[in-house]
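The values are calculated or read from the model by the stated rules, or taken from the named source; none is laboratory data. The model shown is predicted, which means the values in this text are computed figures rather than measured ones. We place every Cβ from the backbone using ideal geometry, glycine too, and count neighbours over all the protein chains shown.
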Amino acid sequence: MEVKEVSNNNSQHSGVVSEMFAMGHEKVLICQDPKVGLKAIIAVHSTVCGPSLGGTRMWKYKNEAEALKDVLRLSRGMTYKNAISNLNLGGGKAVIIGDSRKDKSPELFRSFGRYVESLSGAYITAEDVGISPEDMIHVSKETKHVSGMPGKSGDPSPVTAFGVYMGMKAAAKIQYGSDSLSGKKIAVQGVGHVGEYLVGYLAKESADIVITDIHDDILKNVAGKYGCSIVSPEDIYSVDMDIYAPCALGATVNDDTISKLSCNIIAGAANNQLADENKHGHLLMEKGIIYAPDFLINAGGVMNCYAEVMNISNEDVMKMAENIYSTTYDIIKTSQLESIPTFLVANKMAEERIKRELALKSS
Ligand SMILES: NC(=O)c1ccc[n+]([C@@H]2O[C@H](COP(=O)([O-])OP(=O)(O)OC[C@H]3O[C@@H](n4cnc5c(N)ncnc54)[C@H](O)[C@@H]3O)[C@@H](O)[C@H]2O)c1
């Protein structure tokens, strides 16, 4: 096992280090174990509010630079998500470079677990895209800094989906005057772990659901179970819709897609939905599209992991996820009253929490 660790305490820096400095990361660990085919990056953005917690993503990145950019952005997002959710957790994230359908092995996850262990609790891992609770069993043989284990809090996706559903309903209450989603045309992009549970909630309310996914098997299964229509991944942006629910990867709200979207609400599970937060956050507000901030409404999963770490009951976790409704409602109202995009109101709320923690620590 080769450990390359870069900490935020050196004035001579370039490349990866300058990128992490610019984004305010505390620590980035580059992990390579050729024997088991592991290439991974663990980013600890902040431990101000507690140990950093965030899932591990396994994805076929085009190159290492793309993976690095992703993990730096995602880990910073976790700092904001955990802060706004009032959890005593900081923000971190990990990415494993590889194809989750071909490149998994118990040895690879055990090796990854040893890297997590080497951070001595500064980073607690969990599932994200491409990772299952079963994979976490292998990780847990090497480190106790792992959550989302089967038999404990398990798969966080159902709670994530519930929180997204709550955020979507709060946005609907403001946009339509009622939080009922009955008959609303909702386009769900990506019907994996979270997307499928979300479709379940929407189907119960008799929403008019259209779905897409890059995997035909998943798509047909979900469409059959819940009676949704199907479109190709390229066509999802231009379908007639009231609500767009991105539940695949980030940056799908961008220069190309905004002009195609006919929705007046965006509320989904994906992290970093706005390709350029500032530009696209303002543009959505100008167009009258309510954007329910991703890191606020998809926090159900991390609440679930927090419950496992802190021994909180399932019932209390669902209550925490239910509160996403009122926080989303308040943020959208403030955004409208003060003519500030929702992402900025949410960011400010998270930053104020971090400032309060810093003040407590230095007093
Ligand atoms: N799992 C959680 O609890 C959780 C918590 C917070 C945020 N999120 C975020 O929500 C999103 C979904 O997470 P998940 O756990 O459901 O992942 P997942 O891998 O189970 O599902 C993602 C689905 O999106 C599909 N997909 C990928 N690219 C696509 C594209 N271009 N067009 C259409 N479909 C595409 C995949 O085939 C897959 O079925 C991710 O962005 C993740 O970071 C997940």
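A few points about this structure:
- Residues that are of a type outside the set (D, E, K, R) and either within 11 Å of the ligand (Cβ to nearest atom) or touching a helix residue (DSSP H, G or I) at 6+ places or on another chain (Cβ under 7 Å) (or both) within region 120-138 comprise Y123, I124, T125, A126, V129, G130, I131, S132, P133, H138, listed in sequence order.
- Residue pairs whose Cβ atoms lie under 6 Å apart, separated by 6 or more positions or on different chains, with the first residue in region 226-237 and within 13 Å of D216 (Cβ to Cβ) and the second near the ligand (Cβ under 9 Å from one of its atoms) and in a loop (DSSP other than H, G, I, E, B), are P233/I214.
- Qualifying residue in region 193-206 (condition: within 24 Å of the chain's Cα centre (by Cα), crowded, with 23+ Cβ neighbours inside 10 Å and closer than 17 Å to N264 by Cβ): yes
- Here K279 clears all of (1) more than 9 Å from the ligand (Cβ to nearest atom); (2) crowded, with 18+ Cβ neighbours inside 10 Å; (3) within 24 Å of D70 (Cα to Cα) except the condition numbered (2).
- Of the residues making up region 159-199, those that are closer than 13 Å to A245 by Cβ and of a type in the set (S, T, N, Q) number 2.
- Any hit, region 142-151, residues being modelled with pLDDT of 95 or more, outside the structural domain of I214 (by TED's automatic domain parsing) and closer than 30 Å to K355 by Cβ: yes
- Test: L283 is in contact with a Phe, Trp or Tyr (Cβ under 9 Å, 6 or more places away or on another chain) and of a type in the set (A, V, I, L, M, F, W, C): no
- D213 vs. criteria farther than 22 Å from N323 by Cα and among the acidic types (D, E): yes
- Among the residues of region 77-103, those identified as among the charged types (D, E, K, R) and buried (at least 23 other Cβ atoms within 10 Å of the Cβ) are K81, K93.
- For region 148-174, a tally of residues being at negative phi, outside any helix (DSSP H, G or I) and either more than 15 Å from the ligand (Cβ to nearest atom) or crowded, with 24+ Cβ neighbours inside 10 Å (or both) returns 1.
- Test: residue in region 290-308 that is modelled with pLDDT of 95 or more, of a type outside the set (A, V, I, L, M, F, W, C) and part of a loop (DSSP other than H, G, I, E, B): yes
- When region 291-306 is filtered for residues that are closer than 18 Å to I340 by Cα and near the ligand (Cβ under 9 Å from one of its atoms), the ones remaining, listed by number, are D294, F295.
- Selection from region 96-119 of residues that are part of a helix (DSSP H, G or I) and touching a helix residue (DSSP H, G or I) at 6+ places or on another chain (Cβ under 7 Å): P106, E107, L108, F109, R110, S111, F112, G113, V116
- Only a single criterion out of (1) out of contact with any helix residue (DSSP H, G or I) (no Cβ under 6 Å at 6 or more places or on another chain); (2) in a helix (DSSP H, G or I) is not satisfied by A321, namely (1).
- Breaking point among (1) under 21 Å from G300 (Cβ atoms); (2) surrounded by fewer than 24 Cβ atoms within 10 Å (Cβ to Cβ); (3) modelled with pLDDT of 95 or more, for P106: (1)
- Subset of region 33-73 [among the hydrophobic types (A, V, I, L, M, F, W, C), part of a helix (DSSP H, G or I), within 18 Å of the chain's Cα centre (by Cα) and surrounded by fewer than 24 Cβ atoms within 10 Å (Cβ to Cβ)]: A67, L68, L72
- Matching entry among D217, D213, D256 (being buried (at least 18 other Cβ atoms within 10 Å of the Cβ), assigned by TED's automatic domain parsing to the domain that holds T328 and without any contact (Cβ under 8 Å) to a residue 40 or more places away in the chain): D213
- Tabulated pairs, region 10-21, first closer than 18 Å to E64 by Cβ, second modelled with pLDDT under 70 and loosely packed, with under 10 Cβ neighbours inside 10 Å, C-beta under 9 angstrom, 6+ apart or interchain: V17/N10
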